[in-house]
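The values are calculated or read from the model by the stated rules, or taken from the named source; none is laboratory data. Owing to the predicted nature of the structure, the values given are computational and were not obtained by experimental measurement. Neighbour counts run over all protein chains shown; Cβ positions are idealised from the backbone, glycine included. Side chains are part of the model used for accessible areas, which takes the heavy atoms of the whole protein and leaves out ligands, DNA and RNA. Shrake-Rupley method; radii C 1.70, N 1.55, O 1.52, S 1.80 Å.
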There are 2 protein chains.
Amino acid sequence: MDVYIEPIGRLINEFSKLPGVGKKTAQRYAYKVISMTGEEAQAFADAIVGAKKKVRYCSVCGNFTEHDVCDICKERDRRTICVVKEPKDVIALEKLREYKGVYHVLHGVINPMEGVGPNDIRIRELLARIAEGGVEEVILATNPDVEGDATALYIAKLVKPLGIKATRLSRGIPIGSELEYTDDVTLSRAFVERKEI
Amino acid sequence: MDVYIEPIGRLINEFSKLPGVGKKTAQRYAYKVISMTGEEAQAFADAIVGAKKKVRYCSVCGNFTEHDVCDICKERDRRTICVVKEPKDVIALEKLREYKGVYHVLHGVINPMEGVGPNDIRIRELLARIAEGGVEEVILATNPDVEGDATALYIAKLVKPLGIKATRLSRGIPIGSELEYTDDVTLSRAFVERKEI
């Protein structure tokens, strides 16, 4: 006999599929579900099925949307395209409520070690958007790591000859942090890329 | 415009209701759901509704079951009743695969500070089970904290006059740990409750 009765074991197993969730955490989540009312559990289940059914990728920028083309692509200034790795990066930038342009989600970055080349991410789609005209600047907002830098450089080399400005988010010491606690790579980078004031 | 589209925002909100889950974690879980296949998402949703619908409390011991009386109550030695605070304590003990008796889940412990008295937890039900006869020992396996100790003592005082053995799990230094790192309360307790070898 298993220690869990079947419906609980099954639910724990499902929760265990979520990122970073082990058996112990999955068990806590399962007990929470059991302590919910029937309506609450149903609302939870509906939200899962609903999100999966309703959410798709914008045919233009690749971000999450409920429609064919997302609201950002429809409503915002198309002269600037901010290129990111994943939809969650769009959320991070949108939270700032500063950027007024549109996005382009690559759904990955160039990573030869894992066999991801330029054709495996949405670079072709980006170039197609640019070919339609009207784009003045491409902001390369991939992560400041080896793959993110390589991808940004690769795209910059493709778009600059088209007379389009390619920019990259600035790197350096995080605001509010201290030199003493900044990691060596960031610190040496901040030193090399120091700016005149 | 919100940063999340409605179906994602709704799912994040549902995940945020799970214990210890903040917005960031809920977002990661939601993205995982979106990356699932339709069948996987449906199986997840079904497990939630299924667990809520099928799981109830055993009419005898109060543990989770799919039936009126749980398999443990049906199949095991009823001479010993192990009294615990919550269903998850049954799981913790069952994992050891050592105990052959039955359980009694109190669904709480006596806690005057939070207004929980002896009549608010399943002590009456425990006494009714004992009144049916055949019980030789009651193992008081509530947590080794103030409320758990008080509850165990309260129950012990009720069952001992009935000629039933009342025992408590031993407390002390956890096996494999070191004296140096044992907290003061545990250490002094282990000292006071030292046993002859």
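Numerical summary
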| item | result |
| --- | --- |
| Protection proxy ranking, peptides B:8-14, A:114-120, average beta carbon neighbours within 10 Å, highest first | B:8-14, A:114-120 |
| Largest-first ellipsoid semi-axes for the protein assembly as shown, taking √(5λ) over the Cα gyration tensor eigenvalues, angstrom | 57, 27, 17 |
| A:196, B:98, A:40, reordered so the largest accessible area comes first (probe 1.4 Å) | A:196, B:98, A:40 |
| Ascending list, in nanometres, of distances separating the residue B:163 label from those of the other copies (7 Å, Cα toward Cβ) | 10.4 |
| Heavy-atom accessible area per residue - the stretch B:6-54, 1.4 Å, Å² | 44 Å² |
| Tilt relative to chain B, helix B:6-15 - C-alpha long axis, 0 to 90 degrees, to 10 | 10 degrees |
| Label distances, nm, residue B:98 versus same residue in remaining copies, Cβ-directed 7 Å point | 5.9 |
| Kirkwood-Stokes translational diffusion coefficient of the stretch B:151-197, alpha-carbon pairs, 10 °C, 1.306 mPa s, µm²/s | 124 µm²/s |
| Beta bridge orientation in the stretch A:68-196: antiparallel %, DSSP, nearest 5 | 5 percent |
| Loop trypsin sites (Lys or Arg not before Pro), the stretch B:16-88 (other Cβ atoms within 10 Å of the site Cβ: 16 or fewer; DSSP) | B:17, B:76 |
| Largest-first principal axis extents of the Cα set of the stretch B:6-54 (Å) | 30, 24, 17 |
| Taking the C-alpha atoms of the stretch A:3-112, convex hull volume expressed per residue in Å³ | 166 Å³ |
| Net charge over other residues, Cβ less than 12 angstrom from the Cβ of residue A:112 (K, R count +1; D, E count -1) | -3 |
| Net charge, residue B:35 excluded, C-beta distance under 12 Å - Lys, Arg +1, Asp, Glu -1 | +3 |
| Candidates A:71, A:46, A:183, ranked by Gaussian network fluctuation over chain A, Cα under 10 Å, top entry | A:183 |
| Copy-to-copy label separations for residue B:40, where each label sits 7 Å from Cα toward Cβ, in nm and ascending | 2.8 |
| Other protein chain Cβ atoms within 10 Å, averaged over every residue that makes up B:29-40 | 5 |
| Portion, in percent, of the accessible area of chain A that falls on carbon or sulfur, probe 1.4 Å | 54 percent |
| Intensity falloff of the stretch A:110-183 expressed as log10 I(q)/I(0), Debye formula with alpha-carbon point scatterers, at q = 0.18, 0.19, 0.26 Å⁻¹ | -0.78, -0.83, -1.23 |
| Binned Cα-Cα distances of the stretch B:68-196, short to long, each 10 Å bin given as a whole percent | 11, 39, 34, 13, 2 |
| Accessible surface, 1.4 Å probe, highest first, among residues A:138, A:192, A:60 | A:192, A:60, A:138 |
| Relative contact order (%) - the stretch B:69-197, alpha-carbon pairs under 8 angstrom, separation at least six | 22 percent |
| Accessible area buried, both sides summed, chains A and B with 1.4 Å probe, Å² | 5000 Å² |
| Solvent exposure of the stretch A:68-196 as accessible area per residue, Å², 1.4 Å probe | 63 Å² |
| Rotational relation B to A, axis-closest Cβ in chain B, residue and distance rounded to whole Å | B:45, 2 |
